[in-house]
1. Considering only the other residues whose Cβ falls under 10 Å of the Cβ of T85, what net charge follows from Lys and Arg at +1 and Asp and Glu at -1?
2. Answer rounded, prolate or oblate for the range 48-191, using the Cα gyration tensor with square roots of eigenvalues a ≥ b ≥ c: rounded when a/c is under 1.5, else prolate when a/b is larger than b/c, else oblate.
3. Using 0.36 nm per residue of separation minus the Cα-Cα distance, give me the extension gain between K205 and K174 in nm, one decimal.
4. By count of other Cβ within 10 Å, fewest leading, how are T178, T77, T189 ordered?
5. About the Cα centre, and with charges only on the beta carbon of Lys, Arg (+1) and Asp, Glu (-1), how big is the dipole of the chain? Nearest 20 debye, please.
6. Among V26, G50, P8, whose Cα projects farthest towards the positive end of the dipole of the range 1-63, with charges put on the beta-carbon of Lys, Arg (+1) and Asp, Glu (-1)?
7. In whole Hz, what ³J(HN,Hα) sequence does the range 145-158 give by Karplus (6.51, -1.76, 1.60; θ = phi - 60°), x for Gly and Pro?
8. Determine, from the Cβ-Cβ distance of K246 and A156 and an R0 of 41 Å, the FRET efficiency 1/(1 + (r/R0)^6), rounded to the nearest 0.05.
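Every number in this text was worked out from the coordinates using simple rules, so none of it is lab data. Source: prediction; values computed, not measured. Please note: Cβ atoms are built from the backbone with ideal geometry, for glycine as well, and neighbour counts cover all protein chains shown.
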Amino acid sequence: MNDSTANPFMPHLMRIAESRDETLDVRTLRLEFIDPEAASEMEWQAGQFGQFSIFGTGECVFTITNPPNRGDHIECTFRDVGKATNALRSRSVGQTVGFRGPYGNWFDMEGWQGKDILFVGGGIGMAALHAPLQFVLDHRDDYGEILVLNGARTVADIVYGDEMNEWQEMDRVKVVQTVDPGGETSEWTGEVGLIPNVFEQLDPKPNGNIVVTCGPPIMIHFMMITLDKLGFPPEQVITTLENKMKCGIGHCGRCNVGRLLVCRDGPVVTAAQLKDLPAEL
Ligand SMILES: Cc1cc2nc3c(=O)[nH]c(=O)nc-3n(C[C@H](O)[C@H](O)[C@H](O)COP(=O)(O)OP(=O)(O)OC[C@H]3O[C@@H](n4cnc5c(N)ncnc54)[C@H](O)[C@@H]3O)c2cc1C
Ligand code: FES
């Protein structure tokens with residue numbers, strides 16, 4: 001039995017069961033609990049994150065990308081940006097890594113019922129949208145129209161490309177893909193343009209719907225300006241925060257932004273909350 005209840009820093013041991021390359025530097029992993037009891041006890045909500053440990057190297061924080069209704073395992077999608085993510089990328093199917101969590105708050109999936117939902121993701125930011133989007137698609141009758149707007153720097157940087165092709169075949173789901181100018185190929189049939197501009201061209205109306213957006217800080221910055229201009233009330237706009245973390249459980253103070261600890265009070269925030277935070281985010 002895993003004694004993670006006694007020591008909050010003790011990770012669960014996880015076997016890498018599947019590995020899929022999304023792009024040259026982004027990979028999705030399926031991790032299965034080695035202890036079946038830990039698997040059956042695991043509960044989480046869409047939007048929560050975990051600390052993933054690569055033994056001998058360190059830990060890194062990723063969103064849990066599968067929704068809770070999808071299995072007794074954990075999935076994550078990560079970009080290789082540094083020490084721990086590089087070490088994780090060198091691990092193969094069958095090898096063991098650590099996981100502690102789930103941590104943080106989550107998306108209000110119940111409160112969104114009956115509403116249209118606009119998912120707007122840029123780059124690896126799509127990872128944070130994957131669990132709530134999959135949840136909505138798995139409970140299709142409970143939600144209204146779904147828009148997925150996904151942007152990437154180039155065609156080669158698109159994550160979840162195959163899944164997006166499946167999503168756009170689903171009932172009342174519209175998928176729009178865009179790449180930055182210069183990032184298109186001769187075969188590209190999607191949009192070319194920055195995400196906030198493409199969003200505006202779609203002429204969305206703030207009719208009580210929910211906008212969930214995640215991506216690089218510069219994209220979030222301009223999405224917030226665009227949403228404001230289009231009249232979306234900040235309470236209807238949801239995003240997730242990123243910050244350096246160590247403990248992940250509100251002990252060390254490493255992740256503070258103003259009076260807020262991202263690991264405890266986030267990562268999910270409304271645009272209304274974002275307006276009250278210091279300008280660096
Ligand atoms: C709540 C939350 C959810 C996240 N979800 C995902 C996810 O689903 N997929 C994913 O790929 N990444 C995600 N991240 C970012 C991820 O945690 C970092 O990219 C990772 O920890 C980098 O580890 P490293 O040791 O490889 O990088 P390092 O060697 O430590 O650093 C490499 C570079 O990345 C920067 N960096 C490191 N950590 C962070 C961070 N937390 N935020 C911003 N920049 C950072 C460093 O400043 C440096 O420039 C998330 C972060 C948070 C806080
Ligand atoms: S990471 Fe330690 S308080 Fe948030």
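1. Details: positive: R27, R79, K83, R89; negative: D25, D80.
Here the charged neighbours net out to +2.
2. oblate
3. 9.6 nm
4. Working: T178 24, T77 20, T189 6.
Fewest-to-most ranking of T178, T77, T189: T189, T77, T178.
5. Working: 23 positive and 39 negative charges, 206 e Å.
Using only the charged Cβ atoms, the result is roughly 1000 debye.
6. Going by the Cα projections, it comes out as V26.
7. Karplus values, whole Hz, x for Gly and Pro: 5, 10, 10, 10, 10, 10, x, 9, 5, 9, 4, 5, 9, 6.
8. The pair K246/A156 has a calculated efficiency of 0.80.
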